[in-house]
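A quick write-up on the structure given underneath.
Read-outs throughout are calculated quantities, based only on the coordinates presented, and are distinct from any laboratory measurement. Bear in mind the structure is a predicted one, so any value in this text is a computation, not a measurement. Every residue, glycine among them, receives a Cβ derived from its backbone with ideal geometry; neighbour counts consider all protein chains shown.
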Amino acid sequence: MSNAFIPIKRGTKKPLLANWNLKENAVTTPEDAHKLAGHDIALAHAYSDPPTVCLDIDDGKTAFPYFDELGIDLHSIDAPICWSGNSNRFKYFFRLKEALPLHQVQINGVMSFEYRCQNKNGTTVADVVPPSTHPTGKQYEWVTERDLRSIPDIPSILLDDWKRRLAEEKAKYTAPLRATFRDYEDETPRRVTVLRSQLDYISPDCPYDQWRDVVFAILSTDWSCAHSLALSWSERSDKFDYRSFKALVDSYDRNRSGAHGVITKGTIHHYATQGGYRG
């Protein structure tokens, strides 16, 4: 077994290299370990052998009760667990037999937890690990006696939950079109300004299906500025990856429906309103 790492700029979550998520840029051997010297480090899940996954608890108040109900007590699980001093946020690490796509879960409108391994295009997802420094200045620390030298296999309960969610997401994405696009509007400076304003109320650090729907909704306008609008909005995310963005744009098909039905400019208005937009 071997783990793959990438260098991170000290005290940030930003990779040192522009193309950090390409396999050739991951540090996978002791001979290349010097590339990590003087930097913080992140575990590159998809390029580890076997692959790893981070169960990233973003909100313990919603996540822990969910997993209790699922039948697994995360408080007593035997796995490497790290934190940066926030008692509501933890990272759990497990081994996989094969890499699986990232999946984010919201509970009661709150980002609750994520299964983090690889992006939809197969590039790796990475998580900063000890002894790195969090942007708050606090150190990442191991909570248990385990660390990345002894990562157990993912419990079947978690793996089944992850795969079920991926299957549901795929079914939702491939659902047949339930209506036609009827809200096409000509591109005008005012309409572009309104759309930009609405996007300001939607975080690009949202679950994948919402990010996908917003990008597709922008593209559905057929405006000349649609691609640049989608790109500039997506780039605000800390997790932005151009390859994933390009793959998503290339896959755009106006004859598909999204998480809430037909994807149109109204999809943007829907999410913006949820974020507080009242224009």
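Remarks
- Of all beta bridges that DSSP places with both ends in the chain, some 95 percent have antiparallel geometry.
- Between region 209-241 and region 55-75, the C-alpha centres lie 31 angstrom from each other.
- By the count of other C-beta atoms within 10 Å, a proxy for reagent exposure, His75, His45 are ordered fewest to most as His75, His45.
- Tensor-based shape of region 189-274 (alpha-carbon gyration tensor, a/c under 1.5 rounded, otherwise prolate or oblate): rounded
- Within the straight-line cut-off of under 17 Å between alpha carbons, the lysines reachable from Lys246 are Lys120, sequence neighbours fewer than 8 places apart in one chain being disregarded.
- Ser84, Ser156, Ser48 arranged by Cβ crowding within 10 Å, fewest neighbours leading: Ser156, Ser84, Ser48
- Over all other residues within a Cβ to Cβ distance under 13 Å of Asp250, the charged ones net out to +3, with Lys and Arg as +1 and Asp and Glu as -1.
- Reachable aspartates and glutamates, given that their alpha-carbon falls under 16 Å from the alpha-carbon of Lys97 and they are not under 8 places away in the same chain: Asp49, Asp153, Asp160, Asp161
- Take every Cα pair under 8 Å whose residues are at least 6 apart in sequence, average their separation, divide by the length of region 5-171, and the relative contact order is 27 percent.
- Descending semi-axes in whole angstrom, ellipsoid equivalent of the chain, from the Cα gyration tensor: 35, 21, 18
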